[in-house]
Amino acid sequence: MAEAIAFNIAAELIIKLTSPALSQVGLWWNLKHDLDDLKSIVSTIKAVLLDAEEKSVTDNLIKVWLEELKDVLYDADHLLDDFSTEALRKDLLGGNKMTKEVRLFFSSSNQFAYGLKMAQKIKAIKARLASIEREANTFCFIPRDRPAETSFMTKKRQETHSFEREDEIIGRDNDKAALLKLMLEFESEENVYIIPIVGFGGLGKTALVLLVYNDEMVKSHFELTMFVCVSNVFDVKLIVANIIKSVTNQAPDQNLEMDQLQKQLRDKIDGKKYLLILDDIWNEDPEQWSRLKKLLMGGNNGSRIIVTTRSLKVAKITNKCESHVLKLKGLSDDDAWSLFKKIAFEHLCGSRETNFEKVWWGSLSHKDNS
């Protein structure tokens, strides 16, 4: 459910709820008002699901919330299917000679009873969704739609680079160890193995990969190391050109065609055990990823591609083995305080820093007890 499943189910439900056929069902059994209310609630929840699904990668409470929502959405979907089935049966019976016993089902009294029973089921689902909607307000989700090219809002991001001071990175020792194990010890059947790192913005994905990228043990392990910031524009030709630039320290001729660029790329990486960092990928189109991946598969055994992304869908496109998707979590309270203190109070010392620390831990204690 932490993928885009909830969003897709909600979208399909809204399509069903707006269909002329279901509107006719609502009129038959006096349920139009209830169905309109259901559509309104589902639409409101759907508006925040992209944000919720992204944050569920690192937040178990949101993950549980999404699982509960999934159960209700499935129940609603089954109920609408039941409506459609009964409506089809009614329509078929209306045009054929049937026995008196079968016709009795569609007498006024039975239609009323069926409509009442369905109204009660809709109200129950509405109540469950209303409760879930109230709980969503506590997570402060951001409503947004899915743009055509990606499920996240398109925005200009600051380009990253391949240098990071190790002493600037706090609280990622265990993540570094897990990543190094996948890079240096894991034996893959594929010559080039892809390791996705997923987490929401600002969690430290880029800092983590740079921590290992600049590690002396990693540098000696790979013949070739490359770093490319991809960001929200997934242009295969541009990415290939930037990989070449990372290898040669010189940008290729801008007038070169794609065929010439891919030959240059394969000349540089084929047969070598390489490490490639593709930082900040937002593209969720499997075909686009496949076009790039084909050009990168000529590396020698032990080659690694590390992908950082905010999207679990992107991670699963690049590597279908979920156990090898590194999901970054938030920092511990101690590490969070160390990072906050380093950024906010770099030049603060003595009693003023102590006072701020008391406020910090006091606020956390209050939050835990609330």
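I239 contributes an accessible area of around 10 Å² to the protein surface, as traced by a 1.4 Å probe with all chains present. Legend: residues Y74, Y213, sorted from most to least accessible area (1.4 Å probe; ligands, DNA and RNA excluded), read Y74, Y213. Once R0 is set to 22 Å, what does the formula 1/(1 + (r/R0)^6) return for the Cβ-Cβ distance between D235 and R144, expressed as a FRET efficiency to the nearest 0.05? About 0.40, to the nearest 0.05. With 0.36 nm allotted per residue and the present C-alpha distance subtracted, the R291-T248 stretch has 13.2 nm of extension available.
Calculated FRET efficiency, E223 to D259, Cβ-Cβ distance, R0 = 25 Å: about 0.45 to the nearest 0.05. Annotation for A124 and E187: the two label points, set 7 Å from Cα along the Cα-Cβ direction, are 5.5 nm apart.
The values are calculated or read from the model by the stated rules, or taken from the named source; none is laboratory data. Since this is a predicted model, take the numbers as computed values, not measurements. Please note: Cβ atoms are built from the backbone with ideal geometry, for glycine as well, and neighbour counts cover all protein chains shown. What goes into the accessible areas is simple: the full protein's heavy atoms, side chains included, and nothing from ligands, DNA or RNA. Shrake-Rupley method; radii C 1.70, N 1.55, O 1.52, S 1.80 Å.
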